[in-house]
Amino acid sequence: MIFKNSQYGSWSDPKAQGAQAAIQYAATAWGNMLVSNIEIKIEAYWENLSVKHDSSFLNTLAYARASKLYTLTSNDPNSTIFTNTYYPIALVEKITGNNENQNESEIIMSFNSLKPWSFSLDKTQVQGKYDMVTITMHEIAHGLGFVSSAKEDSVTKVLSHSVMFPFIFDQFVEFGSNKKLTSIASTGSGTTTWLTSNNSFFNGPEVKLKNNTRPEIFCPFTWVQGSSMSHFNENYFIGSDKNALMTPYTNVTEIHHDPGEVGLAVLIEIGWVGAVLPLEEFPYYSNDVIKIFPNPASANIKIRVENGIEISELRMLNIE
Ligand SMILES: [Zn+2]
């Protein structure tokens with residue numbers, strides 16, 4: 001984590017006391033879930049977003065973006081790389097194994113200094129305050145690629161779904177029974193109809209394995225800039241659901257310190273192969289083998305045993 005000040009706010013703001021520890025906690029949690037040989041550097045700002053932008057940002061808690069987008073090619077016929085598709089830099093570095101941008105940050109994020117924040121690290125709800133760890137977890141996921149290219153032009157108000165190329169996330173988005181987002185025109189009234197159809201899904205083998213069916217994408221009849229198409233549908237994973245981290249809206253009672261199996265499956269689908277949820281979130285049973293990635297692992301492993309159950313043997317094996 002790299003904490004920077006801007007003309008719109010400084011980390012020395014008394015209201016930001018404790019914020020950095022919470023943000024670092026979330027970044028470390030992602031670091032323990034993902035597999036990449038290249039360190040992901042995240043730059044964070046504490047800013048008055050309605051001064052930086054305009055009053056429409058009063059209700060924005062935070063936002064994040066990849067600092068750069070790249071296209072990839074592969075000579076391997078079995079490659080799962082999508083050509084003519086934008087990948088966020090952190091994912092590009094995971095895939096290529098190269099530090100593509102040297103000392104520059106891979107993800108840039110901003111937190112709204114006007115919002116009431118809780119910097120609790122242990123999922124304690126603080127009345128009337130948003131859980132900083134939760135919001136940071138959510139924003140980092142966007143920076144890792146949980147984001148659509150779909151957007152509304154600020155002047156013409158025309159909707160489009162790609163810049164030059166669709167984002168890797170878009171390759172798995174479809175409408176209705178099987179109309180792929182990448183098969184519709186990138187801009188125009190037909191595009192608008194699909195992007196505001198309230199009938200959108202994320203479809204991929206990894207996600208279907210974890211969710212049985214295609215999870216719904218947030219695609220309301222009225223376009224919501226910054227939220228439409230880049231989240232799970234708000235009512236699909238309700239507040240307390242384990243997968244609700246990546247819905248567009250949150251309230252002060254929502255606390256999620258991981259993306260849930262389906263949320264993580266979206267990231268695995270787009271290329272974060274090997275990502276795993278925190279181990280202590282999983283129940284394991286007698287004779288189960290617990291696989292740990294990466295190997296060697298640097299995270300702590302906690303083993304909790306139900307009352308009355310004895311562990312007769314615990315073996316550590318270097319399997320692969
Ligand atoms: Zn979001």
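The values are calculated or read from the model by the stated rules, or taken from the named source; none is laboratory data. All of these numbers come straight from a predicted model, not from anything done at the bench. Every residue, glycine among them, receives a Cβ derived from its backbone with ideal geometry; neighbour counts consider all protein chains shown.
Points to keep in mind about this one:
- Apart from one condition, V224 fits all of (1) outside any loop (DSSP other than H, G, I, E, B); (2) surrounded by fewer than 18 Cβ atoms within 10 Å (Cβ to Cβ); (3) hydrophobic (A, V, I, L, M, F, W, C); (4) in contact with a Pro (Cβ under 8 Å, 6 or more places away or on another chain); the exception is (1).
- Residue match in segment 89-105 (condition: more than 29 Å from H53 (Cα to Cα), hydrophobic (A, V, I, L, M, F, W, C), at pLDDT 95 or above and surrounded by fewer than 22 Cβ atoms within 10 Å (Cβ to Cβ)): yes
- Residues of segment 48-88 satisfying the condition of being hydroxyl-bearing (S, T, Y), surrounded by 12 or more Cβ atoms within 10 Å (Cβ to Cβ) and touching a residue at least 24 places away in the same chain (Cβ under 8 Å): S50, T60, Y63, S67, Y70, T71, T85, Y86, Y87
- Scanning segment 125-134 for residues that are of a type in the set (V, I, T) and at pLDDT 95 or above, we see that the one that is farthest from the ligand (Cβ to nearest atom) is V133.
- Any hit, segment 135-147, residues being out of contact with any Pro (no Cβ under 6 Å at 6 or more places or on another chain), more than 16 Å from the ligand (Cβ to nearest atom) and at negative phi: no
Rundown of residues vs (1) surrounded by 22 or more Cβ atoms within 10 Å (Cβ to Cβ); (2) away from the ligand (no atom under 16 Å from the Cβ); (3) assigned to a strand (DSSP E or B), yes/no style:
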residue: M109; (1), (2), (3): yes, no, yes
residue: K115; (1), (2), (3): no, no, no
residue: V155; (1), (2), (3): no, yes, no
residue: V163; (1), (2), (3): no, yes, no
residue: S197; (1), (2), (3): no, yes, no
residue: E206; (1), (2), (3): no, yes, no
